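The values are calculated or read from the model by the stated rules, or taken from the named source; none is laboratory data. Nothing here was measured: the structure is a model prediction, and the numbers come from that model. Quick reminder, even Gly has a Cβ in these numbers, built from the backbone with ideal geometry, and neighbours come from all protein chains shown. We work out accessible area using only protein heavy atoms, side chains counted, and drop any ligands, DNA or RNA first. Shrake-Rupley method; radii C 1.70, N 1.55, O 1.52, S 1.80 Å.
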Amino acid sequence: MGEEQLSHLPTLHNHPYLRSGRGVQKLKRRVQKSYFTRPETPTAVMCPLRVLLSCPLRVLLLWALLCPCTGKIQEIFTRPGSDLLLPIRRHLTLNTEDRWRCDWIIWHYLESPGDWKRIAYHRNCDLSDLRYFPNTRISENGSLIISNVTPENDGIYRVYIKNSTGRRIQRDDYIVHVEGKAQEIFTRPGSDLLIPIRIHLTLNHTDTERCDWFIWYYEKFPGVWGTIAQHWNCDPFDRRYFPNTRISENGSLIISNVTPENDGIYNVYIYNSTGPLIQRDDYFIHVEVPLSDIAVTSSCLPDGSAEAECSVKGSDPRYSWSLDGRSVSSHRRVTLPPPVSGTLHCDVTNQINNLSRSINISCPIPVSDPVLDVRCLQNDSAEISCWVENGTDPSIYLTVSGGLEVYNVTSSERTVRVTVPPVSPPDSWNIRCSAKNNISERSTNQTQDACPDDASAPDKWDSPKKRVEP
């Protein structure tokens with residue numbers, strides 16, 4: 001499936017803020033930070049009906065979720081020109097000969113806070129498509145299809161599902177983010193930042209009834225927004241969500257002495273003096289902290305592989321690993337298959353600077369199973385050998401015992417041998433060979449008959465682990 005075919009799918013990687021991986025990390029950090037340190041999640045009490053129109057859009061959705069028959073909110077990121085499907089997430093009765101048994105579907109679009117526009121209405125198997133957007137249609141199962149997405153399709157969609165008697169059985173909400181509606185701004189801690197209002201507003205008029213309105217929001221965590229400032233009828237109200245923010249004379253947001261806490265998503269809704277929404281702008285603010293304190297650690301595993309980790313402080317680090325100049329990974333942690341030996345290099349970069357660190361790494365290879373070999377000599381004596389094919393710095397231990405005789409041979413070489421004299425009467429030998437190194441140990445045991453008086457009859461010595469020579 002090609003890139004253009006994938007672009008319509010409702011996945012996070014399609015959005016520029018999340019496609020690089022930096023956005024995913026920031027999204028996770030905001031979720032963790034908000035859930036554990038910011039308990040002021042809006043509730044129905046915090047956003048009563050009489051002030052509902054002044055609440056941010058996504059707070060409206062969260063407030064609505066507290067009501068019965070509420071479904072889930074799903075965020076979908078897409079690009080202009082793609083095709084998008086907003087699904088109906090249950091099986092409905094729509095194509096029956098008895099139209100009175102058909103389920104109902106009602107799709108809405110949030111044009112401005114509190115103002116929902118009906119897109120399509122499906123009742124008694126009679127579809128009424130209002131065509132609020134010229135590029136939308138309803139599929140056979142009731143899902144909403146947006147063809148050739150444009151920035152105007154950005155926003156919040158809601159679908160109500162009712163059974164044939166008119167009782168509501170489900171509601172789902174979708175937040176559609178269309179690339180091109182947002183502007184990315186990169187800055188550093190300690191700097192001053194201006195987030196502009198990109199149209200001319202009427203704000204300082206003596207007739208307050210002719211003043212334009214605007215509201216600035218900050219996304220505390222996905223789907224929940226906090227009000228930074230609002231300006232109604234030329235009466236500004238600054239909630240000081242951040243202590244270092246203020247509003248300029250033309251409505252732009254000024255952040256003084258930027259801190260990492262200012263990192264995140266901001267948007268502004270602009271209304272004319274009569275109330276209709278005339279523009280909405282979104283900004284992704286990336287507060288980039290330089291990289292520092294890089295450290296590379298590694299450990300060898302029992303199977304001869306290695307694990308390594310590159311640790312660094314700073315914003316949105318991107319990693320690149322190489323072993324003796326050969327690229328091996330682009331993640332913070334890396335696993336190297338055996339054999340592992342050479343110079344391991346970690347390179348980390350972000351929007352401001354880059355750091356690198358190298359270490360020498362070498363991991364021992366586990367020993368393989370020892371291999372035994374028994375050969376009968378001309379005088380009915382026997383030569384017994386043991387060796388390992390793989391393993392770093394192995395030690396070999398060979399023990400041959402029979403009757404009252406015991407032979408022990410130890411060596412740090414890869415092969416050991418012992419010569420056993422003729423036995424009369426013929427007896428059997430118990431043979432044990434062990435191999436070990438710093439990370440593993442393997443052994444092989446075998447019971448072997450003594451060499452025959454007639455060394456010309458070697459057939460009974462033939463086995464998969466023996467080499468027989470006359």
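Worth a mention:
- Of all residues in region 435-455, those satisfying the criterion of being open to solvent by 90 Å² or more (accessible area, probe 1.4 Å) and either modelled with pLDDT under 90 or charged (D, E, K, R) (or both) are 438, 441, 442, 447, 453.
- Of all the residues in region 86-101, those that are over 30 Å from residue 271 (Cα atoms) and either at pLDDT 85 or above or open to solvent by 80 Å² or more (accessible area, probe 1.4 Å) (or both) number 10.
- Any hit, region 320-332, residues being crowded, with 19+ Cβ neighbours inside 10 Å and within 26 Å of the chain's Cα centre (by Cα): yes
- The test for being surrounded by 16 or more Cβ atoms within 10 Å (Cβ to Cβ), in a loop (DSSP other than H, G, I, E, B) and of a type in the set (D, E, K, R) does not hold for residue 393.
- Those residues of region 260-274 which are loosely packed, with under 15 Cβ neighbours inside 10 Å and in contact (Cβ under 8 Å) with a residue 12 or more places away in the chain, in sequence order: 260, 261
- Subset of region 102-133 [modelled with pLDDT of 80 or more and open to solvent by 90 Å² or more (accessible area, probe 1.4 Å)]: 118
- Residue selected from region 368-381 under the condition hydrophobic (A, V, I, L, M, F, W, C) and open to solvent by 10 Å² or more (accessible area, probe 1.4 Å), by the criterion nearest to the chain's Cα centre (by Cα): 371
- Only one of the numbered conditions (1) in a loop (DSSP other than H, G, I, E, B); (2) more than 28 Å from the chain's Cα centre (by Cα); (3) over 23 Å from residue 328 (Cβ atoms) is violated by residue 351, and that is (2).
- Per-region count, region 317-357, residues in contact with a Gly (Cβ under 8 Å, 6 or more places away or on another chain) and on the phi > 0 side of the Ramachandran plot: 1
- All strands (runs of 3 or more DSSP E) inside region 163-214 with 1 or more residues being touching a strand residue (DSSP E or B) at 6+ places or on another chain (Cβ under 8 Å), of a type in the set (D, E, K, R) and more than 24 Å from residue 149 (Cβ to Cβ): 168-178
- Qualifying residue in region 247-258 (condition: closer than 17 Å to residue 352 by Cβ, among the β-branched types (Val, Ile, Thr), open to solvent by less than 40 Å² (accessible area, probe 1.4 Å) and part of a strand (DSSP E or B)): no
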